[in-house]
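Worksheet: the structure to be examined is printed underneath.
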Amino acid sequence: MVGLRALMKTRLLQVSLAEALKAKQGDLSSTKFAKEIGISTKKLEALKKDEWKYIHRDSIERVADFLGLDAEQIFAFQEIDFWKSIREQRQCTFIRGSKRGRNITIRQADQNAITVMTEFFGEMVPNFEYGNHPEGGDENELILQSQTENCIVIGSPKSNAATEVLISRIFGVEPFSSSDDERKSIPFGFCWEADSSLDERSTLTCSGRARKQTSDLSGIGVKDGPHVEVDHMDADEFRKRSIKKGKDAGLIFVVNKPFGTEHPVKLIILAGFSGLGTIGAAKALLKDYRYLEPYPNEPYVYGVVECWYSKPEDSTSRTLTDFRWRYRHGGYKPIGNKVKTKKVSRKK
C-alpha cells in the first residue's frame, strides 16, 4: 500500500481527444461520425465531453488512427498539489463547535471528523501543527482568519455557524436569512425539517421552489443537480430501530485564497446534514482530493456525497459504512449526475 507521504502530490491522466473530435465531426451526426470511427455513439459522446471513466484500448487505437494522432498528442499527466499550502506552512486551523457564553459545544461526530483529518495530516506532514478555534467570534474576524490561515470548517449550520457565515459571504448574500432570493443565490441547500428553527434562520436552507420540487423531503439539494435524500424519523423511533442501511449526506466546499486574499491559504468546509454526513464528507475529501482542487482562477469547487450507516436497536450510535459522490461542481473531474426527483412520501 502506498504511504500517505507519497500522496502529497498526485497526477491525473489527461486524454486530449475532445477538441480534435469536435473539429473533425463538423456537421456530421454523432451516430454517423461514431460509425466512421468504429466506436459506439455513447463512447464518442463521452470522449467529446471528457466525461469517460474507462476507455478500451481498441477505442483509443481507432480514434488515434482516425485523427492521425500520436500518443504524446493524446496522453498527458496533470500534476495536482491539493495540500500544498498546508504542507508548506505545516499549519491548519479547525473551526468547529458552537460558543455558548463561556462554554464550547462540540458534537462527537464533528470531533470524529476532526480526528479523521488530523490523523491524515499527522502522516502526511512532518511536524504538523493544528489549532482549534470555536465558532462564535465576530463575522469580520472569521473572514480575516480564513484569509490568513489554512482553515477547515467542521459541521453544518446545525453545529457550526461559521459554515453559514463563510458560504453565504462567498456567494455575496446575507447569512442567517429566510429570504428566498438570498437562498436562490447559493447553488445548493440543506432541506431541513420544515418546522425546525434552521428552516427559518439559515440562508443555506433550500429555497421554497426546491422544497416544492422535492415534496419537502429532507436532504441536501443542488440547483440543476440531484436532491440527496436523508432518513427522517422522530427521535424515539430512531433510537428504537435497528438500521442496516440508513442514509445521510455531506457537503464538501473548497476555496483557494478566499475573499480575494493574496495569502496562499486554503478554506475547506465539511458540512453533513447530520454529524454522520460530516464524517462521510471528511473521508470523501481524503479519498478524492485530487479532483477537488480548483482550476486556476476558478472561485471554488463543491460536491455532495451520499452516505450510508448502520445502527443497532435501542441506540443512537451510528457507524459510517459507505459513501459515494452524487455531484461535483468544478475541479478536474466534475460529476453532473442530474437526477429527476420523484415525489415520494415521507417514511413513517
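The values are calculated or read from the model by the stated rules, or taken from the named source; none is laboratory data. Being a predicted model, the structure only gives us computed values, none of them experimental. Glycine gets a Cβ as well: all are built from the backbone with ideal geometry, and neighbour counts include every protein chain shown.
Under 6 Å by Cβ, and 6 or more places apart or on different chains, what pairs join a residue from the stretch 79-97 that is among the aliphatic types (A, V, I, L, M) with one that is in a helix (DSSP H, G or I)?
Listed by first residue and then by second, the contacts come to Ile80/Arg290; Ile95/Ala162.
Quick one: Asp216 ticks every box in (1) closer than 30 Å to Asp314 by Cα; (2) in contact (Cβ under 8 Å) with a residue 24 or more places away in the chain; (3) assigned to a helix (DSSP H, G or I); (4) acidic (Asp, Glu) except a single one, so which number is it?
Every listed condition holds for Asp216 apart from (3).
Here's the yes/no breakdown for (1) modelled with pLDDT under 95; (2) within 13 Å of the chain's Cα centre (by Cα); (3) outside any strand (DSSP E or B):
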{"site": "Glu182", "(1), (2), (3)": "yes, no, yes"}
{"site": "Glu200", "(1), (2), (3)": "yes, no, yes"}
{"site": "Thr203", "(1), (2), (3)": "yes, no, yes"}
{"site": "Arg209", "(1), (2), (3)": "yes, no, yes"}
{"site": "Gly250", "(1), (2), (3)": "no, yes, no"}
{"site": "His263", "(1), (2), (3)": "no, no, yes"}
{"site": "Ile279", "(1), (2), (3)": "no, yes, yes"}
{"site": "Ala282", "(1), (2), (3)": "no, yes, yes"}
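Looking only at the stretch 254-278, how many residues end up being of a type in the set (Phe, Trp, Tyr) and over 28 Å from Thr316 (Cα atoms)?
Qualifying residue count for the region: 1.
Can you tell me which residue is surrounded by the most Cβ atoms within 10 Å (Cβ to Cβ) among those in the stretch 306-328 that are part of a strand (DSSP E or B) and free of Cβ contacts under 8 Å to residues at least 60 places away in the same chain?
Selected residue: Arg328.
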